[in-house]
Each structure stands twice: as structure tokens, then as C-alpha cells.
Amino acid sequence: MGSVTKIGVVTVSDRASRGEYEDRGGPAVVEYLNATVTSEMKIISSVIPDERGLIEATFVKLSDVENCDLIITTGGTGPAIRDVTPEATESVCDKMMPGFGELMRQVSLTKVPTAILSRQVAGIRSSETGGTLIINLPGSPKAIAECLDAVFAAVPYCVDLIGGGFLETNPDRILAFRPKQK
């Protein structure tokens, strides 16, 4: 358990990676983390195109080389042909965590009927240094906050269980759930 929790933030967008569109998703994730996480963290951000091989390689690098405890992605979760972030996530993970996607969609469906089209997933990639929780979010900054609000209370304990850093949260934002110690 290191003193600094490493978190990868990956924006998956053809247009943003080419500079044709301002990346609003990645900065929204970073803003959320800065407002929610009170423990020391190092954020490693990147903006990449919707290329499955590159997405997979980015996840492997962040997990196995950078030793990130958590990777949060934004973009590439819709039904469009080039939306392949969930497939890339599934291909590099050893365990899928379906409850994350189920809860995020459930919360989003109370806001917009098109949330049924979103394919958020989460999974765990194991490596020699421990595990990495990967969470896929939609690209909209508003949806990012709604989805993270829905699931983030469980993230610190999940990171604990896979051998990651100790994430502490601002209880005025999100109260991290951890079972009572005996």
C-alpha cells in the first residue's frame, strides 16, 4: 500500500485526440477527483483516439508500468461503430464488475431515456504489482458526475481489496464505504 494513489484518466475520442474538439470529459473526471478524494493522489491523464488496440495498450501501460490503482475513462461507451472502450476494457481485465455499469445506467435512466444506449463497464486487471480497477464513463461532463456519484462510495474499498492505495474521500461529497473492522 503506497502513500500516493495513482489514478489514470483516459479520454477516448477521435476528435479530441486530433485537437478538433476540446476534451471536456477528462477535465471533468479530474475536477471530480479533486473535489472528492482527500488522500494524496497522482493523476496521469491522456487523450487517445477510438482505436481498440491503442486503448488496450494504454490500459496495460497505466496498470502494469505506471502501477495505477484506478483508471477512469470517458468516452467510447455508446453504440456508434467506433465506440469500443468497453470491449478494450473487457479484453484487458481478469474480472468484470457488472454492478458498476448496472448502477450507472440505472441512475442515468432517471435523467435521460437514451442512457439505455450507454455501455459503461468496470473491471479489474491483475498484475504482478496488484490490481487496477478500470471504470468506463460516458463522455458528457454532467453524466460523468452523475455516474461517479452513483458508484464512488464503493471505489475505495474495491481498491483496498485489490491491493491498491488507500483512498480517502471528503465525507461532505461522498462517504466511502468500508466494512467495520472487528
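The values are calculated or read from the model by the stated rules, or taken from the named source; none is laboratory data. Because the structure is predicted, anything quoted here is derived from the model rather than measured. All Cβ positions, even for glycine, are placed from backbone atoms using ideal geometry, and neighbour counts span all protein chains on display. Surface accessibility is based on the protein's heavy atoms, side chains included, excluding ligands, DNA and RNA. Shrake-Rupley method; radii C 1.70, N 1.55, O 1.52, S 1.80 Å.
What the table below lists for this structure:
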{"read-out": "Accessible solvent surface per residue of the chain, calculated while the other protein chains remain in place, 1.4 angstrom probe, Å²", "value": "49 Å²"}
{"read-out": "Carbon plus sulfur fraction of accessible area for region 59-173, probe 1.4 Å, in percent", "value": "57 percent"}
{"read-out": "Phi to ³J(HN,Hα) by Karplus 6.51 cos²θ - 1.76 cosθ + 1.60 over region 114-119, Hz, x for Gly, Pro", "value": "6, 4, 4, 7, 7, 10"}
{"read-out": "Residue among N67, N170, N136 with the largest mean-square fluctuation in a Gaussian network model of the chain, springs linking Cα atoms under 10 Å", "value": "N170"}
{"read-out": "Estimated dipole of region 1-106 in Debye, rounded to 20 [Cβ of Lys and Arg +1, of Asp and Glu -1, Cα centre]", "value": "100 debye"}
{"read-out": "Cut-off under 5 Å, modelled amide H: who pairs with D50 long-range", "value": "S13, D14"}
{"read-out": "Of (1) 10, 41, 38, 10, 1, 0; (2) 9, 34, 35, 16, 6, 1; (3) 8, 25, 18, 13, 17, 13, 6, 1, the label for P(r) over Cα pairs in 10 Å bins from 0, in percent derived from the coordinates", "value": "(1)"}
{"read-out": "Nonlocal amide H pairs with M41, under 5 Å, H built at 1.01 Å", "value": "T5"}
